[in-house]
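The values are calculated or read from the model by the stated rules, or taken from the named source; none is laboratory data. A quick note: this is a predicted structure, and the numbers were derived from the prediction, not measured. With ideal geometry, Cβ positions are generated from the backbone for all residues, glycine too; neighbour counts draw on all protein chains shown. Side chains are part of the model used for accessible areas, which takes the heavy atoms of the whole protein and leaves out ligands, DNA and RNA. Shrake-Rupley method; radii C 1.70, N 1.55, O 1.52, S 1.80 Å.
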Amino acid sequence: MKNLYLCLTDFQILNALNLQQTKFKNKKADLFFITNKEGNEQLAKRLEETKLFENIYLFNNSRIKGIHQYLRALTEGKQTNGIFSAIAASFNEAVYKFRSKVSGEAYAINAKIVVGGKMDFAAYDEVFCLDKRQLVVDCVTQILKATGGKCKINLLDEGTSTYWRKILTKNFPISDIYLYAPELANYYNEGWQDKIHQIPLIDYNNKDFCNIINKVFQFKDDVQYPEDKDGNLLLKNKIIFFDQNWDPMPEYFQHLNKFMKLLLHNPYKKHKKESAFYDRKMEMFRITANYSNGNDVIVKLHPRSPLSFVADYQKSKCSMAPNLTAPWEVFMDNCLFSNNIWVTVSSTALCTYKMIFTNTREDIPMIFLYKIVYAGNKNYSEDEQFFKSFQQKYPQTVFIPETIEEFTDIYKKLVDKMNDRRKAENE
């Protein structure tokens, strides 16, 4: 029997690599992930080369380039593969859905695996996953069916949202939960203490693991940052803004007449809400860039954000962090950060700097803007409980402003301190 990691994000893949090299180094394992961004076919090959997993399964989760996408592309004036290709894609998808209803979930899963062949659902005694997609529920259901319910189903850290109660799924039984910082879980004192296990923290000095994740996620120094005496890249006197991948309003929705808005009410409403988050995020970034007082502003794109975001960010003076699709945790395992300020809405990346490593380095000031961005559009009570606990643990360097004015005031003071430190060093 062996482990199966059902990974929805690169961070979960990194955590699977960590667990298999430490806690489960003597146990066989497979890894399953999805085509949620470009280059995942090559990522699958690099994961195979680590030899930490027997099988790597890649599930085709990409949007069907069918008639709907064809019409959308035409509306936006974008290049298409042609109407006949779109018709064929829609027809093949219709056949797949029909056969899935007839043949069941096992067929539906295996028919869209594009790397790794067919899964043996009976091969596992432990699964590590998170119930955020129906695909995960379907896989777990098939594994429990094939193993007579004897397989342990564990939840695997995917970032800050894993610390919220909503991940306590009712779709399948939970055996254990694997987190980097168990005591920060909102549900920790609600009867879960004995079921939460700490994922082994990452040691900055473990060059073997650093080399593995560098190879898997293709991390390299594209910018030629200076290095310290130990060969670590040095990011000094930097303000880093961490992107989150809400989409702006699609162009074809921006010019709809009243009739079309009524006809497309549900998708329009969904895009309108998400684009509101995008617009507010960009408003926060403009403040970050405008009040940087001459310091370098770097944007770290979310790994799944489209490259089209770059042009919008670069309307303000900034540079993009290299290795656009690499998780920030890989940067942190390769870099030293000196005299930085980090700003985000609610990105996991900032928290993991303090949560997942055995040996912390400089205590970087961090500003979380979720109260400003989510206000009036989202219930953020779970976010609030987690980030307040996080702030209580690191009270000197975690800031959670409630208004734009408060954010601007906190940020300007931190920038002034940054410049004072730089000036003192140069004297």
Within the stretch 199-217, the residues whose backbone N lies under 14 Å from a label point placed 7 Å from the Cα of THR358 along the Cα-to-Cβ direction are 199-210
With label points set 7 Å from each Cα along the Cα-to-Cβ direction at ALA375 and SER319, the distance between them in nm comes to 3.4
So GLU283 and LYS51, fully extended at 0.36 nm per residue minus their Cα-Cα distance, gain in nm 79.1 nm
Residue separation between VAL114 and LYS152 times 0.36 nm, minus their alpha-carbon distance, gives in nm 11.0 nm
Going through LYS97/LYS300; LYS300/LYS371; LYS132/LYS207; LYS25/LYS195; LYS112/LYS170 one by one, the pairs whose alpha carbons sit over 28 Å apart turn out to be LYS97/LYS300; LYS132/LYS207
Once amide hydrogens are built 1.01 Å from N within the peptide plane, the residues lying 5 or more places from MET320 or on another chain with amide H under 5 Å from its amide H are VAL299
Ordered by number, the chymotrypsin sites (Phe, Trp or Tyr not before Pro) in the stretch 11-43 that occupy a DSSP loop and have at most 14 other Cβ atoms within 10 Å are none
Among the stretch 281-325, those whose backbone N falls under 11 Å of a label point 7 Å along Cα→Cβ from LYS412 are 291
Expressed in nanometres to one decimal, the distance between label points 7 Å along Cα→Cβ at LYS215 and ARG133 is 2.6
Summed over the other residues with a beta carbon less than 10 angstrom from that of ASP296, with K and R at +1 and D and E at -1, the charge totals +3
Rounded to a whole %, the carbon-and-sulfur portion of the accessible area of the stretch 275-409 at a 1.4 Å probe is 47
Over the stretch 381-427, with neighbouring protein chains present, the accessible area per residue in Å² at probe 1.4 Å is 61
Contour minus Cα-Cα span, ASP203 to TYR291, at 0.36 nm per residue, comes to 28.2 nm
Computed from the beta carbon distance with a Förster radius of 35 Å, FRET efficiency for GLU402 and GLN42 to the nearest 0.05 stands at 0.20
